[in-house]
Amino acid sequence: MSVLNCIKTVMVACLAIGVVTGCRGDRVQSTLHAAGPPARAVADLWWVMFAVLGIYTLAVFAITGYGIWRKPPAATDDQTPEKNEFFGSTKLILLGGIILPTLILVPLLIYSSAATASMRYRPSGLTIRVIGHRWWWEVQYPDHHIETANQLVVPVGQPVRLELAAGDVIHSFWVPQLHGKTDMLPGKVTVTWLLAERPGIYRGQCAEYCGLQHALMAFEVLAVPPAEFVQWLNHAGPTGQRPTGQRQAVQQPAGEGALETNAVQHPGEAAFFRHGCAACHAIAGTAALGRMGPDLSDLADRRMLAAATLLNTREDLFRWLKDPQSIKPGVKMPATLASDEELWDMVDYLMELKSGKLTLPGGTSDPNS
Ligand code: CUA
């Protein structure tokens, strides 16, 4: 194959890859479908860079193509090629190598600096603290004494202050539709913000490689109308004084089985303590105070399990409890020695841990109700 054919093949292949991969309608984790100001600054910057540099690249290809395909310069009588034409002159090198790049890159630099600065706004008001762990997200609403995991509930149209930290290694907090990536560093609190302009479920992802299950370290931001958010706050917090909902109804008929801790009454709750789950997980209103793994006080309110790896259904919760290592190899949660019957009891118990009723945005129905 000649050099020319080779170049043509590569150009056609690049075009085909672009067409095939570029136009999927799936908007999950798409930075180009921004739903808030910081994400829009990123998307706009991307489009401007794409347009300007795309035109520039096409121009470079066109000039290169002209250089490859044009007729060779006519030789004069003394066998030296014809000179002083524009292509090949010093003027072209100055224009294309210095003047044009300066005219294009300097405005782009100014624009990108301004876009970066616009993302630095730090609102006061509602604060959510997120701590990255391998491989899940601890979520706190410090002003409301609420603790949850792998899911942020935010009011639509209101800026939210985010305080980000890490519990072990470096992670990066990223909801592509709402803001740019922000590193989470052990021993340092980084402040950033987001604002969801419309109700919806926005998926986020750890964006800094942090070990085996980095790819399955995801979470969701549920943006709900402000009135519903206030309702959720009232139901959800503060941790430790939450209405226990259906748990009370279950606890009433129990009499035997209540050992030294009077809270252990539901057979699933008993199994939860018997198999040591409380060493790593906390459940408000019980003796479970573990801090190694996610707080489970409102587990049934969550849309997803295992850091947005599984849908929060009874079947998937059972699978997760029975053999977490087959779903997320390397995860700190070990398989228990509990029998299937005990595990189903635990599923029953955990699925009752509801704090606030939340109508999930975006027309998605609550998998638990
Ligand atoms: Cu956490 Cu990657």
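The values are calculated or read from the model by the stated rules, or taken from the named source; none is laboratory data. These figures come from a predicted structure and were not determined experimentally. Virtual Cβ from ideal backbone geometry, glycine too; neighbours counted across all protein chains shown. Quick note on the areas: whole protein, heavy atoms, side chains included, nothing else; ligands and nucleic acids left out. Shrake-Rupley method; radii C 1.70, N 1.55, O 1.52, S 1.80 Å.
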Could you please let me know if Arg314 is charged (D, E, K, R), modelled with pLDDT of 85 or more, under 27 Å from the mean Cα position of the chain (by Cα) and surrounded by fewer than 19 Cβ atoms within 10 Å (Cβ to Cβ)?
yes
For segment 210-226, name all the residues that are over 19 Å from Leu305 (Cβ atoms) and more than 10 Å from the ligand (Cβ to nearest atom).
Ala223, Val224, Pro225, Pro226
Taking the criterion of being surrounded by 14 or more Cβ atoms within 10 Å (Cβ to Cβ) and in contact with a helix residue (DSSP H, G or I) (Cβ under 6 Å, 6 or more places away or on another chain), would at least one residue in segment 84-96 satisfy it?
no
Counting only residues in segment 166-196 that are open to solvent by less than 20 Å² (accessible area, probe 1.4 Å) and among the aliphatic types (A, V, I, L, M), the one nearest to Gly293 (Cα to Cα) is identified as Ala166
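Residue by residue, here is whether (1) open to solvent by 80 Å² or more (accessible area, probe 1.4 Å); (2) at pLDDT 85 or above; (3) small (Gly, Ala, Ser) holds:
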position	(1), (2), (3)
His33	no, yes, no
Tyr56	no, yes, no
Thr102	no, yes, no
Ala114	no, yes, yes
Pro123	no, no, no
For segment 225-242, does any single residue satisfy the condition of being surrounded by fewer than 17 Cβ atoms within 10 Å (Cβ to Cβ), over 30 Å from His179 (Cβ atoms) and modelled with pLDDT under 90?
yes
Quickly run through segment 175-191 and pick out the residues that are of a type in the set (S, T, N, Q) and within 16 Å of Arg129 (Cβ to Cβ).
Thr182, Thr190
Counted residues, segment 129-157 - those being touching an Asp or Glu at 6+ places or on another chain (Cβ under 9 Å), within 13 Å of the ligand (Cβ to nearest atom) and assigned to a strand (DSSP E or B)
5
Which residues, counting only those in segment 158-209, are closer than 23 Å to Arg27 by Cα, away from the ligand (no atom under 14 Å from the Cβ), touching a residue at least 60 places away in the same chain (Cβ under 8 Å) and not aliphatic (A, V, I, L, M)?
Gln158, Pro176, Gln177, His179, Gly180, Trp193, Glu197, Arg198, Pro199, Gly200, Tyr202, Arg203
Candidate set from segment 208-224 (those that are open to solvent by less than 30 Å² (accessible area, probe 1.4 Å) and in a loop (DSSP other than H, G, I, E, B)); member that is nearest to Thr148 (Cα to Cα):
Met217
Determine, yes or no, whether Gln140 is at pLDDT below 95 and open to solvent by less than 70 Å² (accessible area, probe 1.4 Å).
yes
Residue pairs meeting the criteria (Cβ under 7 Å; at least 6 apart or on separate chains; first free of Cβ contacts under 8 Å to residues at least 60 places away in the same chain and of a type in the set (Ser, Thr, Tyr), in segment 115-140; second open to solvent by 50 Å² or more (accessible area, probe 1.4 Å) and within 16 Å of the ligand (Cβ to nearest atom)):
none
